[in-house]
Amino acid sequence: MLELEDAKEYRQIWMFQQIRYIKGEGIIEFDLTKYVLPYLFQLKNNFTSYELAAALRLTSKYAKRIYQICSQWKDLGETKKYDLQDFKKMLGLLDEKGNEKMERISQLREKVLDVAVKQINEHTELNVSYTLEKRGKTFKNITFTVKPQALAETIPFDLEPGAASPAGLAPHQVENARRLLTQLSITTPELVATILASAAHRGGLQQIRP
């Protein structure tokens, strides 16, 4: 889900109409929603990108969501100040009726924030920390500091033009796959490498398609 905000409106856009996994063939098919297409293929100024391969390494659903939020502010070094109740809604911790999954701030810290920060700092290109702001005796706002960092994980093999093809794939197959994955906005080298390695293991790229 993508979040878009300007002076006039706030929008949430879901990327997929449906996703299908074909058992035994290693194929995933998906249909994109019409609303997301302009932001994928005509990259507008308010489109927020983040490292998909890094996000896939996060196991906590809260870490994934916080990583997306922090990625929107990585060029500024700090997120905006989020109202804590609104932030809980963004994480699915507070429903429209006001029912909370984690009422105590100690629960929020231990089970959500500290876990998310640890995973993001260990597995992504971002290093984040958070500050909770009090008004009186109650915590009211939360802000994240966001800094870039080098990933500890290495990319399996180089996919720059002219590099050797993965074992089992011809150069023209790699180039065709690169073009197709670029059309799908899949450009993170590590994720591209994983997809190509999987295709090579299956014996070809004939099954990779949008």
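The values are calculated or read from the model by the stated rules, or taken from the named source; none is laboratory data. Computed from a prediction, not measured in an experiment: that's the story for all the values here. Surface accessibility is based on the protein's heavy atoms, side chains included, excluding ligands, DNA and RNA. Shrake-Rupley method; radii C 1.70, N 1.55, O 1.52, S 1.80 Å.
Note on A7 and E100: the extension gain reaches 30.5 nm, defined as 0.36 nm multiplied by sequence separation minus the Cα-Cα distance. In this structure, the pairs whose alpha-carbon distance is over 28 Å, taken from K23/K118; K34/K147; K74/K97; K23/K111; K74/K134, are K23/K118; K34/K147; K74/K97; K23/K111.
Listed by chain and number, the lysines placed with their C-alpha closer than 18 angstrom to that of K8 are K44, K80; residues fewer than eight positions away on the same chain are left out.
Surface calculation, 1.4 Å probe, protein heavy atoms: F30 sits at approximately 60 Å² accessible. With the whole protein complex present, M102 retains an accessible surface near 30 Å², based on a 1.4 Å probe.
What the phi angles of region 27-32 give under the Karplus curve with 6.51, -1.76 and 1.60, with θ = phi - 60°, is a coupling list of 10, 10, 10, 8, 10, 7 Hz, glycine and proline written as x.
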